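Taking it in order: structure first as structure tokens, then the write-up.
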Amino acid sequence: MSELVLGIDVGTASTKAVLADVEGQIVGRSERAHRLNLPRVNWAEHDADDAWWGGLLSACRELVGDSAPKIAAVAVSGVGPCLLPCDRDLRPLRPAILYGIDARATAEIEELNRRYGIEEILAHAGSPLTSQAIGPKLLWLQRHEPEVWRRTAGWYTASSFLVAKLTGEYILDHHTASQCDPLYDMHSSTWSDAWAGGLTSGVPLPRLAWPADVVGYVTAGAASETGLAAGTPVLAGTVDAWAEAFSVGVRKPGDVMLMYGSTMFIVHVVRNIVPQPGLWSTMGVEQGVVTYAAGMSTSGSLTSWLRELVSIDDFGQLAAEAAAVPAGARALLMLPYFAGERSPLFDPDARGTIIGLTLAHSRAELARAVYEGTAFAVRHNLESMKEAAGPPARVVAVGGGTKADIWPQIVSSVTGVAQQIPRQTIGAAYGDALLAAIGSGLVPPEADWTEIQDRVDPEPRDLEVYGRLYPLYRELQEFAVPFSHKLLSAQPASEEGQERKPGRTLLRRPADPPLPNSRFKSVSTLRAH
């Protein structure tokens, strides 16, 4: 057996791991569910010892064994950015505060916007301050749990905590750091001298590295717990969605990953960025590229909602019924904002809308409207990215939603964009394994394990239909979203509090456009390229 690499990814609901050889062939796979804790409205947390370290130990118990001497390197990824304060002995001092689904720091977001300026934050950090940002959560922790902060020796996200447990090194990869707004300066690709020190209040910042950098080696203590050989190289790793994009070869400027899941996520690799108020801007997985990112609050979760609503257990049956309905869902139109919306609206109070219902409509039309509504939202995000960076050179589709032919087909017909479907769409853990192979020198830096299996093209007869419907979708959005705000404000306070459940992303659109600066090109200059 040739040398092997181990990739481990900590997701919101489970930890997945892949053991692969240098050709990208899967030798073993593992998955362990863990708990997402929602202790209060707008809070979302993980028990890091159980969900993060426990998930890694479970993966190692399943996959390592006699293979330990052959494992050349380990790379990890995880949900992010998160905030886990630890003491000097790397003991978590509280549960980890998760990424954008945790919205406890809204007051701190407003304060930092006033302190530093919305335009300045967007221009230098690349993204607006939202519930995704780490800076406001650091400030929240200092104010609301001062005893925890007094004992904090370092703060970690999912991947950096696992690296620290394996190696004892205190590091963070550049991509994840660029999501720790406003601590990271996208101009200089390092921590912001002006803001990072003030927001960490004496707690040291982690050393920065690129995701494929070897940052340490498995210690004797970690080896005894994991079964890995002491001295095994460990890479910096990164955030899960970007590791998944890397796993399917989305690495060159113009490449786009479209991830079909409970939510929809889009990563567009570019060479230069103009910060956009409706998109996230981040460093890439590799040096020399940056990315725009977009995310919807609901997509596949809407098919689950409908399936439960109409009491049908079989996803395949519902998809088949929807496929039998012509484009346009027999004059039904849906806004998919059933849990607010992230990009490009960044509006937690947007609400789902279905218009055009008659007594003649059945669950089949409703299912078709769900698929089409999410596709219209994808088009809205892709148009925002196109305005910023030009059209994509290629789009690679991943995720469980690609298993149902109808969904990618509708998305291609709505957007007018072809999609490539890889043969292997295991996810972020597979990207971690490839990073480990590159970082350990087993394969060259340009190595790509992607094998395209299928291609989805727009359906010509549906392009015209969706071309007429998309402007109506945007018109409905312009009316219905403000109406949702009025409807919420009319509810009793207690009921509104129940409606705003944990897990929803509370993101706000900044009031003003970004300032031009030396690092980021102007819109006109970027379009010229």
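The values are calculated or read from the model by the stated rules, or taken from the named source; none is laboratory data. A quick note: this is a predicted structure, and the numbers were derived from the prediction, not measured. Glycine also receives a Cβ, built like all others from the backbone with ideal geometry; neighbour counts cover every protein chain displayed.
Output the residues belonging to region 298-308 that are without any contact (Cβ under 8 Å) to a residue 40 or more places away in the chain and either assigned to a strand (DSSP E or B) or out of contact with any strand residue (DSSP E or B) (no Cβ under 8 Å at 6 or more places or on another chain) (or both).
ARG307, GLU308
Return the pair list, or none, for Cβ contacts closer than 6 Å from residues in region 32-55 that are more than 24 Å from ALA105 (Cβ to Cβ) to residues that are part of a loop (DSSP other than H, G, I, E, B), at least 6 apart or on different chains.
GLY55/HIS34
Quick one: would you say ALA230 is surrounded by 21 or more Cβ atoms within 10 Å (Cβ to Cβ), modelled with pLDDT of 95 or more, in a loop (DSSP other than H, G, I, E, B) and more than 18 Å from the chain's Cα centre (by Cα)?
Criteria not met by ALA230.
Quick test for you: out of TYR473, TYR430, pick the one residue that is of a type in the set (Phe, Trp, Tyr), at pLDDT 95 or above and touching a Leu at 6+ places or on another chain (Cβ under 7 Å).
TYR473
Which one is surrounded by the most Cβ atoms within 10 Å (Cβ to Cβ), of the residues in region 160-199 that are among the acidic types (Asp, Glu) and in a loop (DSSP other than H, G, I, E, B)?
ASP181
Considering every residue within region 82-99, establish whether at least one is hydroxyl-bearing (Ser, Thr, Tyr), in the same structural domain as PRO204 (by TED's automatic domain parsing), farther than 11 Å from GLN132 by Cα and under 24 Å from the mean Cα position of the chain (by Cα).
Scanning region 82-99 turns up no residue that is hydroxyl-bearing (Ser, Thr, Tyr), in the same structural domain as PRO204 (by TED's automatic domain parsing), farther than 11 Å from GLN132 by Cα and under 24 Å from the mean Cα position of the chain (by Cα).
Tally the residues that are under 30 Å from SER224 (Cβ atoms) and without any contact (Cβ under 8 Å) to a residue 60 or more places away in the chain, restricting the search to region 170-196.
Qualifying residue count, region 170-196: 1.
Filter region 105-131 down to the residues that are in contact (Cβ under 8 Å) with a residue 60 or more places away in the chain, in a loop (DSSP other than H, G, I, E, B) and either touching a strand residue (DSSP E or B) at 6+ places or on another chain (Cβ under 7 Å) or of a type in the set (Gly, Ala, Ser) (or both) and list them by number.
GLY126, SER127, SER131
Which condition number does ALA377 fail, the rest of (1) touching a residue at least 60 places away in the same chain (Cβ under 8 Å); (2) touching a Phe, Trp or Tyr at 6+ places or on another chain (Cβ under 9 Å); (3) surrounded by fewer than 24 Cβ atoms within 10 Å (Cβ to Cβ) being met?
(3)
How many residues does region 356-392 contain that are closer than 22 Å to THR263 by Cα, out of contact with any Pro (no Cβ under 9 Å at 6 or more places or on another chain) and β-branched (Val, Ile, Thr)?
1
Hey, can you tell me all the residues within region 277-297 that are touching a Ser or Thr at 6+ places or on another chain (Cβ under 7 Å) and assigned to a loop (DSSP other than H, G, I, E, B)?
Within region 277-297, GLY278, LEU279, GLY284, VAL285, MET296, SER297 meet the criteria.
From SER67, SER30, SER58, SER77, which residue is farther than 14 Å from ALA433 by Cβ, touching a strand residue (DSSP E or B) at 6+ places or on another chain (Cβ under 9 Å) and of a type in the set (S, T, N, Q)?
Within the list SER67, SER30, SER58, SER77, the selection yields SER58.
Can you tell me which residue among ARG114, ARG88 is surrounded by fewer than 23 Cβ atoms within 10 Å (Cβ to Cβ), of a type in the set (Lys, Arg), closer than 16 Å to PRO206 by Cα and at pLDDT 95 or above?
The conditions single out ARG88.
It is to be established whether one or more residues within region 146-159 are in a helix (DSSP H, G or I), among the polar types (S, T, N, Q) and closer than 22 Å to ARG35 by Cβ.
Scanning region 146-159, I find at least one residue that is in a helix (DSSP H, G or I), among the polar types (S, T, N, Q) and closer than 22 Å to ARG35 by Cβ, so the answer is yes.
Please enumerate the residues belonging to region 6-46 that are under 18 Å from the mean Cα position of the chain (by Cα) and hydroxyl-bearing (Ser, Thr, Tyr).
Selection gives THR12, SER14, THR15.
Quick one: is THR263 modelled with pLDDT of 95 or more and either closer than 15 Å to THR450 by Cα or of a type in the set (Ser, Thr, Tyr) (or both)?
Judged against the criteria, THR263 is not a match.
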